[in-house]
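Read the structure below first, then the notes.
Please treat every number below as a calculation from the coordinates, not as lab data. What you see is a predicted model, and the numbers here were worked out from it, not measured in a lab. Positions of Cβ are generated from backbone atoms using ideal geometry, with glycine treated the same way; all protein chains shown enter the neighbour counts.
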Amino acid sequence: MPSSIIKRDGKSAPFDSGKILNAVNKANKAVGEEEMSPTDLLFVTEKVCGRLEREGLKHVEEIQDVVEETLIRYGYARTAKAYILYRAEHAKIRNAETYLMDIYKKLTWSSALEEDIKRENANIDGDTAMGTMLKYGSEGSKFFIDNHILPKDVSAAHNNGDIHIHDKDFYMLTETCCQIDLIPLFRRGFSTGHGHLREPNSIESYSALACIAIQANQNEMHGGQSVPNFDYAMAQGVGKTFCQEYWKAFAAYVQVKEDGSEEEALALAGEMRVLAGEDIRMGAAEDFGRRLSAAAGAGRRPLLEKAHAYAVEKAGKATDRRTYQAMEAFIHNLNTMNSRAGAQVPFSSVNYGTDTSAEGRMVVRNLLLATQAGLGNGETSIFPVQIFKVKSGLNFQPGDPNHDLFQLAMATSARRLFPNFGFLDAPFNLRYYKPGDYDTEAAYMGCRTRVLGNIHDPERQTICGRGNLSFTSINLPRLGLEADGNLGAFFALLDERMDLVFRQLLHRFKIQSAKKVRNYPFLMGEGIWMDSGGLDWDDAIAGVLRHGTLSVGFIGLAEALKALTGAHHGESDEARNLGLRIIGHMRRRTDEESERTRLNFTLLATPAEGLSGRFVELDRRRYGLVPGVTDRDYYTNSFHIPVYFPLPAFRKIRLEAPYHALTNAGHITYVELDGDTCKNPEAFEAVIRCMHEQGVGYGSVNHPLDRDPVCGYVGVINGVCPRCGRKEGEGVSPEVLRALRRQYPDVPLWDG
Amino acid sequence: MLMDPQRETKTRQTRRIGEGVGFERTRRITGYLVGTLDRFNNAKRAEERDRVRHGV
Ligand SMILES: [Zn+2]
């Protein structure tokens, strides 16, 4: 045993083997597994001391190296990792305050333009007071989670870039997202903590309450909020509006024709409304007309038949107009209303396209038209994310009842980037589909999340009231680099990483499960989450959370394949087969973990906002610039073919489609079109049809979408605005704008 | 209907609308639309820059 050690500052100090034993013990305790008995601790300490003596090692860094190697050698891999973390983070932890305060200084005194940390999420304004306040909270929370909550090896894996725990700052608080069924919520009426809102009775209040529900739920979750059946839900508001408009017009007609009083006319309308039985519906007006005739006495019949015809036409037009305004307001509200202390608008998604009722169709048509028109000055709306549900027999084929809406959806997407397209006929979505039941229609949330299968309750593999609980992504390129071309090593490392992520997701799930209904007064208190309606205020939510999903994500399949084979899956058959083998293996592992735990472990094609740069930066530090792997500032999204790789749209779709079937937690395929191709309806439709045919679950088309706020032009602007001829930053004379306004009504007004 | 703004400036010193105003460039980044590239983080800006169009 050495008699002294050399400290980092070069000074000498007496050797104390107890310090080694304590450090190992502490690391072992932090892992919470691999439990070491006092004998084990002594054994490892003795091995360390023996080797130090044999090799004459004295420097504190050398001693720590020997501790690490000894732990690994005797099978304490996790303890070793935790010990490594202690080493790496030691200075940081010792200077905890300095570290956190440095971050706070950055947040306080730098603008978002300079600091990446303020631009982690592009939809949060890091320069506003509340945006900064949120970041203080978020950074403080991450620090707390890292140093006091997470098992040390998990925290080390996150911080060194093996994995990424998404929304780590919300670790102690929330779940990701939920698919909200507005229909039962509206029927009951609901409370947002500021008074009870009664069942809405017009399309305007349906639209307004939809926004309020999305906003209320957003404040209790860390991801986005989705309405999976927007057309079905809003259709009921349209139906009520149509009834109101019908009886108003009916009475007006009677009053004028009879030259009577308003009261008499309304009384007659009220009487007929009772006599005719079930009230009029937009899609069944003729049937109602027949019942009305039958109920009327012979004397009044001609008058009432005319009143009916007049009222149907009048109510149809008025309802259409009001629905357009309600959809316009819906979009405007979702782009302007605040959540999270005002720093961001709620992340919202709406799915639609399968409701073939007259009311549902009216909703979708007007929502699409309002989307095409854009916001107040013609700006493209950022929210909600819109998803058109494509289904053969409902809208995909010519002759389907909603085929016109499918066409309108494509035209809208070609102009405004939304809607995206969800494909209900993809085999992995179709297997859950039951005709006429919206709860079985695959829906997507935000950028790609999908929640449908349910191992916890196989009788209810449905959409509404369910969502993702949390997700954690694996850095695939690093595994490729670590394995250094050895496939056996790659899969062994992948398994090890997946085990770590499973353990971490369960660790988080345990924290989430201890929460009570009162922690989520809207999500659980209002019964939005599946089965939460039956719980009391102080009940734990552990049971009902089991309907949610725990997702393992991945990033950079393309770079991992480059590291392993020298080519990515767009470049060689070898890489293509290996890519499917890797992701197929990951899916088998999540399925097995689901079987084992009876929890919904699913595989996610991670979108990676804020993460794609972090991994590559850490890997570059470790492995340097590896061509095709670490030589760009980002890793490629999930299973995507790299964005820089040129290939035809149809080939990209064919190469990516098989991964959709494997990634049951969500996926998306993008095609990038240039402005001219995008304006060509046949070309756009050919892309969407190819996605449908190839079994893509969720897809969309990207195209350049520029706007000149001065003249209102929307389209591609290269150097010069094609409408007003100005270059970026140049002015235009008022005369020019006035002349343009005569030609284009959407030229904004510049008063004064 | 295009006019030459350069020549206009020279011939008549009138009020100009939109001086210093940039163009808005809406792009989709990992599923969400963003109205300006300023708020993307560095990695995402690089990714957007590298994108190539796919032919049909
Ligand atoms: Zn212009």
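Observations on the structure shown:
- What you get for the protein assembly as shown, charging only the Cβ of Lys and Arg (+1) and of Asp and Glu (-1), is a dipole of about 840 debye around the Cα centre.
- Electrostatic bookkeeping for B:Glu19 treats Lys and Arg as +1 and Asp and Glu as -1; over the other residues with beta carbon under 12 Å from its beta carbon, the sum is +2.
- Spin-label model, A:Lys306/A:Met1: points 7 Å from Cα along the beta carbon direction are separated by 11.3 nm.
- Virtual spin-label span in nm between A:Arg290 and A:His403, 7 Å along Cα→Cβ: 2.8
- In the stretch A:372-435, trypsin sites (Lys or Arg not before Pro) in a DSSP loop with at most 12 other beta-carbon atoms within 10 Å: A:Arg431
- Projected over every direction and averaged, the convex hull enclosing the alpha-carbon atoms of the protein assembly as shown yields 42.5 nm².
- Virtual spin-label span in nm between A:Val256 and A:Thr98, 7 Å along Cα→Cβ: 8.4
- FRET efficiency for A:Arg198 and A:Asp279, using Cβ-Cβ distance with R0 set to 30 Å, rounded to 0.05: 0.95
- Helix content alone sets the calculated 222 nm mean residue ellipticity of the protein assembly as shown: runs of n ≥ 4 DSSP H residues at -39500 (n - 2.57) each, divided across all residues, give -15500 deg cm²/dmol.
- Loop sites in the stretch A:394-487: GluC sites (Glu not before Pro), DSSP, at most 10 other Cβ within 10 Å: A:Glu459
- Phi-based couplings in Hz for the stretch A:378-392 (Karplus 6.51, -1.76, 1.60; Gly and Pro marked x): x, 5, 6, 7, 8, 10, x, 5, 10, 10, 8, 7, 8, 8, 4
- In a DSSP loop and with at most 13 other Cβ atoms within 10 Å, the chymotrypsin sites (Phe, Trp or Tyr not before Pro) in the stretch A:512-600 are A:Trp537.
- Ranked B:Tyr32, A:Tyr352, criterion: other C-beta atoms within 10 Å, fewest first: B:Tyr32, A:Tyr352
- Shape category assigned to the stretch A:400-486 from the gyration tensor of Cα positions, a/c cut at 1.5: oblate
- Within the stretch A:1-31, backbone nitrogen closer than 16 Å to the virtual label 7 Å beyond the Cα of A:His507 toward Cβ: A:26-31
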